Amino acid sequence: MGVDDRVKFLGYKKNPYPYMASADGLILTSEYEGFPNIVLEANLLGLYVVGFRSKGGVSEILYDGINGSLVDFGEVKLLAERIDSIDFNSIDRDAVARRVDKFSVLKIIKNYEKELKELTDEKDSSNRSNTSWYLYNFRRGIIETLMMTVG
């Protein structure tokens, strides 16, 4: 590829975060990302993301000029120009990290709880006594899932 003098390929690392934290930014070239954890992780570390506007949730997370910048998928020349145009040293890494706050587990749980409460309240007013049961089981399921993921 002709980049050996500029790029080090370190192979698999169990904990990539120290390497990511020392990077200037993240270049994302995926065609599909689904829910792009890598973008959230990079932003949480204060890394500005430059990449392709791909299928999935990348464009829902990145705000152009704030925590990242996207070009249409496959526009390799435009991507290279965009990377060259960004002064990564002047990026406010704290501002980048703050952009992912709305994706925190606690905020997501609260949003789901709000939606579940509205759904159970709207369907049948006699069903309101079940709202607490739904919310309890929802919280329990989320906590069990998080414990399996973390543990």
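The values are calculated or read from the model by the stated rules, or taken from the named source; none is laboratory data. All figures in this text were calculated on a predicted structure; none of them were measured in a lab. For neighbour counting, all protein chains shown are included, and Cβ atoms are generated from backbone atoms with ideal geometry for every residue, glycine included.
Observations on the structure shown:
- All of (1) touching a residue at least 40 places away in the same chain (Cβ under 8 Å); (2) not in a loop (DSSP other than H, G, I, E, B) hold for GLY46 with one exception: (2).
- As a summary of the residue check, PHE35 satisfies the conditions (1) at pLDDT below 90; (2) surrounded by 15 or more Cβ atoms within 10 Å (Cβ to Cβ) except for the one numbered (2).
- Any hit, the range 39-48, residues being under 24 Å from PRO16 (Cα atoms) and touching a Gly at 6+ places or on another chain (Cβ under 6 Å): yes
- Residue within the range 97-106 that is more than 24 Å from ALA21 (Cβ to Cβ), modelled with pLDDT under 90 and either of a type in the set (Val, Ile, Thr) or within 16 Å of the chain's Cα centre (by Cα) (or both) present: no
- From the list TYR63, TYR19, TYR12, the lone residue that is out of contact with any strand residue (DSSP E or B) (no Cβ under 7 Å at 6 or more places or on another chain), closer than 21 Å to ARG99 by Cβ and surrounded by fewer than 16 Cβ atoms within 10 Å (Cβ to Cβ) is TYR63.
- Taking the numbered list (1) of a type in the set (S, T, N, Q); (2) modelled with pLDDT under 70; (3) assigned by TED's automatic domain parsing to the domain that holds ASN43 in turn, SER69 passes all entries but (2).
- Restricting ASN37, ASN43, ASN111 to residues that are polar (S, T, N, Q), touching a helix residue (DSSP H, G or I) at 6+ places or on another chain (Cβ under 7 Å) and closer than 30 Å to GLY141 by Cβ narrows the list to ASN43.
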